[in-house]
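No value in this document is a laboratory result; all are computed from the given coordinates. All values reported here derive from a predicted model rather than from experimental measurement. Here the Cβ positions follow ideal geometry from the backbone for every residue, glycine too, while neighbour counts run over all protein chains shown.
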Amino acid sequence: MSQLMILPAKDGSKTRLLRVPDDYEAHEAFRNVTGVIAKVESDDPDYDWDDIAEILEADGYEVLDFIPGPSLG
């Protein structure tokens, strides 16, 4: 069964959805993704999502398209 991870953002249009590789446990995936994001942010202050996505995809993650639902608030 595939695990999914939501990467929330203050701007809802920048929220991302990932399919986690089958060989990662949830806590490992969380640590891996936050580590990748932190490294990209520190290495390149002008980074964008594509820089992060490229590394995650090389690690076996799949960036998924999704349609956000209505606000519950």
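Looking at the chain, the DSSP beta bridges with both ends there are about 100 percent antiparallel.
Applying both filters, DSSP loop and at most 10 other Cβ atoms within 10 Å, to the GluC sites (Glu not before Pro) of the range 6-73 gives E25.
Of the trypsin sites (Lys or Arg not before Pro) found in the chain, those that fall in a DSSP loop while having at most 10 other beta-carbon atoms within 10 Å are K10. For the chain, the Cβ-based charge dipole about the Cα centre amounts to some 460 debye (Lys, Arg positive; Asp, Glu negative; other atoms uncharged). Taking a Cβ cut-off of under 15 Å around P8, the surrounding Lys, Arg, Asp and Glu residues balance to a net charge of +2, with basic ones at +1 and acidic ones at -1. Available extension along the chain between H27 and D50 is 5.9 nm, counting 0.36 nm per residue and deducting the alpha carbon span.
Stretching the chain fully between M1 and L72 yields a gain of 22.8 nm (0.36 nm per residue, less the alpha carbon separation).
The chymotrypsin sites (Phe, Trp or Tyr not before Pro) of the chain that DSSP puts in a loop, and whose beta carbon has at most 14 other beta carbons within 10 Å, are Y47, F66.
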